[in-house]
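Participant: This structure is in structure tokens; I'll ask about it shortly.
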Amino acid sequence: MTSRNRGITRRRGLLLGAAVAAASLSVSATASATEELNALVWCDHTDPALIAPFEEANDVRVNLKEYEGTGSALAIVEQSQPGDWDVFVIDGVDVPRVVEAGLLAELPADQLPLADTFEQVKMTDVTHVDGKMYAIMEKFGYNVISYDKSKVDPADMRDLTMLWSDKYKGRIAVYDYYIPLMDLVALKMGMKPSDITADKLPAMKEELFKLKDNAAMVGEVVSSTTALATGEADILLGGGEWAVAVMQAENPDLDWVLPDQGGILWAQSLAVFKDSKKKDLAVKFVQYIMSPEGQARLATSSCFWGMPANKKAGAVLTAEQKTALRWDEQEGFLAKSYRYFIPDADLDAAMLDVWSEFLQH
Amino acid sequence: MRTDTPRQWSERARAWGLLLPALLWTAAFFLAPLVIMGLYSLWRRSGARLVTDFSLNNYQAFFAKGFLVESLVNSIEVTLIVTLVSVLLAYPLATILAERVPPRWQRLALVLAILPFWTSYVVRSYSWLLVLSEGGILSNFLLDLGLTAEPVSFANNRGATVVGFVHFFVMLLTLTIYANLKQLSPSYRKAAADLGAGPLRTFWHVTLPLTLPGIMVGAFLTFVLCIGDYITPQILGGNKELLLPQAIMLQIARRSDFPMASALAMILMAVVSLVYLACARWLKIDRV
Amino acid sequence: MARSFITALRALPVWLYVVLLYGFIFLPVGVLVLFSFQESRLPIPPFNGPSLRWYEAVFADARLMAALGNSIAVALTSSLAAVVLGFLAAYSLARHRLPGAALLQGFLTAPLTVSYLIIAMGLLITFNQLGVPKSLLTVGIGHVVINLPLCFAILYSQMGAHQANIERAARDLGAREWQVLGLVTVPMLWPALFASFFLSVTFSWDEFIIAFMVSRFDVTLPVEIWSMLRTGLNPKTNAIGSFVFLISIATVLVLDLVVFRSRKA
């Protein structure tokens, strides 16, 4: 037990520890001389290819926090301080209730390319309140059926009811987002999504339970698209171009279709927070995303693809990208699709309960 | 007390002084949050507001909603299965490491056993998903061996969740049982052998009771860690069923319903406390 | 000869068991590392590599590297705090007879029985209520909460009568309290101090749920990986997982050479 040995051990150990600590602190200390913009977004906005050009052009750092489902976003906002957030990516149909909650700032309509967006996607009835514009649509797509055409009969995929039959038992993945999925169930039952009321829920629950018996798994964006990619499932209910376009380059067997009963249209919009301390920078960000270049990058972003709202993006997209997005068939699709149904607070809680029971079944 | 000498008094003051930082930290960042959560569990969420009159609403809702009670039952079932399987797999391994492996190599063997767990937990769970998936390693292996005709999936169900958990807890239990075994004097077993007991009887009546503390500590840790874990069931379970942590996260993430989530958390703590009381006599910290 | 053969044969099931179990333990890591060299976009069979493109992607990813640095910083500082607090508390309870010692002991080790999810929730609700912004600091606080009981338990169990005698001797020789603490107790307990520090770092480094719930933009590595996974499953995750694995092995080797070897000398 010579003190010399102990000394060497202890000193060496302490020196090593101090060196590592110093090194790590220097690595994590980010030089925050540039301005910062905080955005609450869907995962397709975290693609560096989309954000980096804006950051470089304006010398800012864009902090991104992604979420799935408007309920989660509102939870995050609620758990934050005013001024924490600047930009909000939000489901188009949810804009009215967020405006009502007093969260959004008015957007300068004259500085944004609203006129260049697809007619049916403008959705000015939800993005404008009392004549003021609070959000602008940036991207849209469909929650319908994605499938592997080498494993299933594409003709069957045109009929929603086939997914409830025994033919594809155990081959179906279900996208874990209750609003569009329950809307699809409504379509299968012959209703329109806007017809959903509390008394229809028990019947919908029965349909959901039957679907669960046929399902291989229920998952969010990554696990459900992975299931399709690995062959765990051959069909993704709730999928669309967003689920398969990313993987089509490597697996051309993946495809998607709007069933005859109709499709569910998802449309995401951009907004600025009322309490934001950087409104000008936030509006600049919105302008960038709505520009043809920004739109083209957003449309083909790494998390999921979708149609850009700005038609002028068509000039920037390549022919292959437009084919994957079915650019030329959009008019037909839009005619046969329904928007998300937005329930009031009580119906929403009831629907979430039904969905939780579906998960538990 | 009045007969304390100044030296004894200053000694006591010093003792409290040394203890205070840890006490304050635990009180402020552990106890206080739990108390606040307890309060929250008695409040309600109505729309976007917090209703702060006390009521047992959330607890009533728990028992009323089938899927919530089921999530607790599922959690307990899965945790018990995981604990049992992990103990059964870990005990032989710990014994082999402690007795059959030459002492020189024992530390290396232990380090090798722990090493795989220094990859990220999240990534490890996803790796299991890929191993067990229909196009994955296990499926291909069985196909190549000719044991199955088509690709098979082992993922997205309770079995996959159990496999993911057992993978981690076998390692944990091996460590605790090994530590216990190393502390045992071999003379106990030699004495039993001298008295004519065969290996099976020796194990049952001597070794097993003596290693029970190691098993119980590991099993208790397994229980606590497993029942409160969110990631493994979320990644590997495929939402075939809901476990309690997933139900809790649903309340927080999708509805910001902290009162309900707090009530569920209180219930989880109550279950763990019951298990702790049952195992209490093996879980004391003794001084060397 | 026959006898040793039969003995070897008898030992076969034992070693088979060991091989199978170690195989089970290493399976996901093996798959992880293998498919980090995957050429195509999906880390599933068939393996079409090897390619280093995903490692390049990892090092080019500024957010990932920042998260790595954050993880190290949080792990080291929170573990240091946990060891210091735990040491002081253990010394206090081991060397003095305080009223309600058993209760205090139980209080300090109570967090071990509470799931991380619940601790995380409690902290989230409390910080929201108090208006404290979420950051790496709040994550560090949470990590001290989970590691303090561990450090306390380990150090307390190592403060036996043997050390007490040496401390008494030092005091008799005229050393003051802080000298006893710093120059006698700490060196004596060096292995236990190191073990608790090392264990705390291990737990903090890979901890997910507390970091996930009480951080905002500056996140630790497990949280960044989780976000990364949400934008698509690709071998980049395998690459960072393998990289972390390699760093851990390297750290253990270095520590072994620096700390443990010289003690044996």
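Participant: Within the stretch B:84-102, can one find any residue that is more than 30 Å from A:GLU78 (Cα to Cα), of a type in the set (Lys, Arg) and at the interface with chain C (Cβ under 9 Å from one of its Cβ atoms)?
Facilitator: yes
Participant: Just give me the residues in the stretch C:1-27 being aliphatic (A, V, I, L, M) and either within 30 Å of the chain's Cα centre (by Cα) or within 13 Å of chain B (Cβ to nearest Cβ) (or both), in sequence order.
Facilitator: Scanning the stretch C:1-27 gives C:ALA8, C:ALA11, C:LEU12, C:VAL14, C:LEU16, C:VAL18, C:VAL19, C:LEU20, C:LEU21, C:ILE25, C:LEU27.
Participant: List every residue pair whose Cβ atoms lie under 6 Å apart, where the two residues are 6 or more positions apart in sequence or sit on different chains, the first residue falls within the stretch A:218-231 and is in the same structural domain as A:ALA245 (by TED's automatic domain parsing) and touching a residue at least 40 places away in the same chain (Cβ under 8 Å), and the second residue, located anywhere, is among the aromatic types (Phe, Trp, Tyr) and crowded, with 24+ Cβ neighbours inside 10 Å.
Facilitator: The qualifying pairs are A:SER224/A:TYR175.
Participant: Give the residues of the stretch B:159-212 that are polar (S, T, N, Q) and closer than 30 Å to B:ILE231 by Cβ, sorted by residue number.
Facilitator: Within the stretch B:159-212, B:THR161, B:THR174, B:THR176, B:ASN180 qualify.
Participant: Do we find a residue being in contact with a Leu (Cβ under 8 Å, 6 or more places away or on another chain), over 30 Å from C:LEU103 (Cβ atoms) and within 8 Å of chain A (Cβ to nearest Cβ) anywhere in the stretch C:72-88?
Facilitator: Yes, the conditions are met somewhere in the stretch C:72-88.
Participant: Can you find a residue that is of a type outside the set (S, T, N, Q), in contact (Cβ under 8 Å) with a residue 60 or more places away in the chain, surrounded by fewer than 23 Cβ atoms within 10 Å (Cβ to Cβ) and touching a Cys at 6+ places or on another chain (Cβ under 7 Å) anywhere in the stretch A:286-304?
Facilitator: For the stretch A:286-304, residues of a type outside the set (S, T, N, Q), in contact (Cβ under 8 Å) with a residue 60 or more places away in the chain, surrounded by fewer than 23 Cβ atoms within 10 Å (Cβ to Cβ) and touching a Cys at 6+ places or on another chain (Cβ under 7 Å): present.
Participant: Within the stretch A:342-358, is there a residue that is away from chain B (no Cβ under 14 Å) and surrounded by 18 or more Cβ atoms within 10 Å (Cβ to Cβ)?
Facilitator: Yes, the conditions are met somewhere in the stretch A:342-358.
Participant: Take A:GLU36 and tell me if it is closer than 26 Å to C:ALA75 by Cβ, modelled with pLDDT under 85 and either surrounded by 19 or more Cβ atoms within 10 Å (Cβ to Cβ) or within 9 Å of another protein chain (Cβ to nearest Cβ) (or both).
Facilitator: For A:GLU36, the condition - closer than 26 Å to C:ALA75 by Cβ, modelled with pLDDT under 85 and either surrounded by 19 or more Cβ atoms within 10 Å (Cβ to Cβ) or within 9 Å of another protein chain (Cβ to nearest Cβ) (or both) - is not met.
Participant: Picking from C:VAL180, C:VAL223, C:VAL184, which residue would you name as being open to solvent by less than 20 Å² (accessible area, probe 1.4 Å) and farther than 27 Å from C:LEU32 by Cα?
Facilitator: Sole residue among the options that is open to solvent by less than 20 Å² (accessible area, probe 1.4 Å) and farther than 27 Å from C:LEU32 by Cα: C:VAL180.
Participant: Checking C:VAL58 against (1) over 30 Å from A:ALA229 (Cα atoms); (2) outside the structural domain of C:GLY142 (by TED's automatic domain parsing), only one condition comes out false. Which one?
Facilitator: Going through (1) over 30 Å from A:ALA229 (Cα atoms); (2) outside the structural domain of C:GLY142 (by TED's automatic domain parsing) one by one, C:VAL58 breaks only (1).
Participant: Taking only pairs six or more apart or across chains, which ones have beta-carbon atoms under 9 Å, a first residue in the stretch A:72-86 that is over 12 Å from B:ARG254 (Cα atoms), and a second residue that is β-branched (Val, Ile, Thr) and open to solvent by 20 Å² or more (accessible area, probe 1.4 Å)?
Facilitator: Short answer, once both residue conditions are applied: A:ASP84/A:VAL77; A:TRP85/A:ILE76; A:TRP85/A:VAL77.
Participant: Another question, then. Consider A:ALA198 carefully, then state whether it is free of Cβ contacts under 8 Å to residues at least 40 places away in the same chain, of a type in the set (Gly, Ala, Ser) and surrounded by fewer than 20 Cβ atoms within 10 Å (Cβ to Cβ).
Facilitator: It is false that A:ALA198 is free of Cβ contacts under 8 Å to residues at least 40 places away in the same chain, of a type in the set (Gly, Ala, Ser) and surrounded by fewer than 20 Cβ atoms within 10 Å (Cβ to Cβ).
Participant: Check B:MET249, B:MET260, B:MET266 and return the single one that is open to solvent by 20 Å² or more (accessible area, probe 1.4 Å) and in a helix (DSSP H, G or I).
Facilitator: One residue alone meets the criteria, B:MET266.
Participant: Which condition from (1) open to solvent by less than 10 Å² (accessible area, probe 1.4 Å); (2) at pLDDT 90 or above is the one that A:THR117 breaks?
Facilitator: Failing condition for A:THR117: (2).
Participant: Sticking with this structure for a sec: Out of the residues in the stretch A:128-138 that are of a type outside the set (Asp, Glu) and over 12 Å from A:VAL286 (Cβ atoms), state the one that is surrounded by the fewest Cβ atoms within 10 Å (Cβ to Cβ).
Facilitator: Looking at residues that are of a type outside the set (Asp, Glu) and over 12 Å from A:VAL286 (Cβ atoms), I get A:GLY131.
Participant: Could you tell me whether any residue of the stretch B:24-47 is loosely packed, with under 12 Cβ neighbours inside 10 Å, among the hydroxyl-bearing types (Ser, Thr, Tyr) and either touching a residue at least 60 places away in the same chain (Cβ under 8 Å) or outside the structural domain of B:GLY159 (by TED's automatic domain parsing) (or both)?
Facilitator: yes
Participant: Which residue, of C:TYR55, C:TYR91, is assigned to a helix (DSSP H, G or I), within 27 Å of the chain's Cα centre (by Cα), facing another protein chain (nearest Cβ under 8 Å) and of a type in the set (Ser, Thr, Tyr)?
Facilitator: When all the criteria are applied, what remains is C:TYR91.
Participant: Quick check, is C:PRO99 within 9 Å of another protein chain (Cβ to nearest Cβ), assigned to a loop (DSSP other than H, G, I, E, B) and surrounded by fewer than 20 Cβ atoms within 10 Å (Cβ to Cβ)?
Facilitator: Taking the combined requirement at face value, the residue does not satisfy it.
Participant: If a residue has to be assigned to a strand (DSSP E or B) and either of a type in the set (Ser, Thr, Tyr) or at pLDDT 90 or above (or both) to count, how many in the stretch A:64-87 make the cut?
Facilitator: 1
Participant: Being within 27 Å of B:ILE231 (Cβ to Cβ), within 14 Å of chain B (Cβ to nearest Cβ) and touching a residue at least 40 places away in the same chain (Cβ under 8 Å) is the filter here, so list the residues in the stretch A:236-267 that pass it.
Facilitator: A:LEU236, A:LEU237, A:GLY238
Participant: Pick from B:LEU221, B:LEU212: which is at the interface with chain C (Cβ under 10 Å from one of its Cβ atoms), assigned to a helix (DSSP H, G or I) and open to solvent by 40 Å² or more (accessible area, probe 1.4 Å)?
Facilitator: B:LEU221
Participant: Right, something else. Scan the stretch A:156-179 and give yes if some residue there is within 22 Å of A:ASP346 (Cβ to Cβ) and either open to solvent by less than 10 Å² (accessible area, probe 1.4 Å) or in a helix (DSSP H, G or I) (or both), otherwise no.
Facilitator: yes
Participant: Further question: Given A:ARG297, A:ARG326, which one is at pLDDT below 90 and of a type outside the set (A, V, I, L, M)?
Facilitator: Selected residue: A:ARG326, the only one of A:ARG297, A:ARG326 that is at pLDDT below 90 and of a type outside the set (A, V, I, L, M).
Participant: Hey, can you tell me all the residues within the stretch C:111-123 that are at pLDDT below 90 and more than 7 Å from chain B (Cβ to nearest Cβ)?
Facilitator: C:LEU112, the sole residue that qualifies.
The values are calculated or read from the model by the stated rules, or taken from the named source; none is laboratory data. Please read all numbers here as calculations on a predicted model, not as lab measurements. All Cβ positions, even for glycine, are placed from backbone atoms using ideal geometry, and neighbour counts span all protein chains on display. Ligands, DNA and RNA are excluded from the accessible area calculation, which covers all protein heavy atoms including side chains. Shrake-Rupley method; radii C 1.70, N 1.55, O 1.52, S 1.80 Å.
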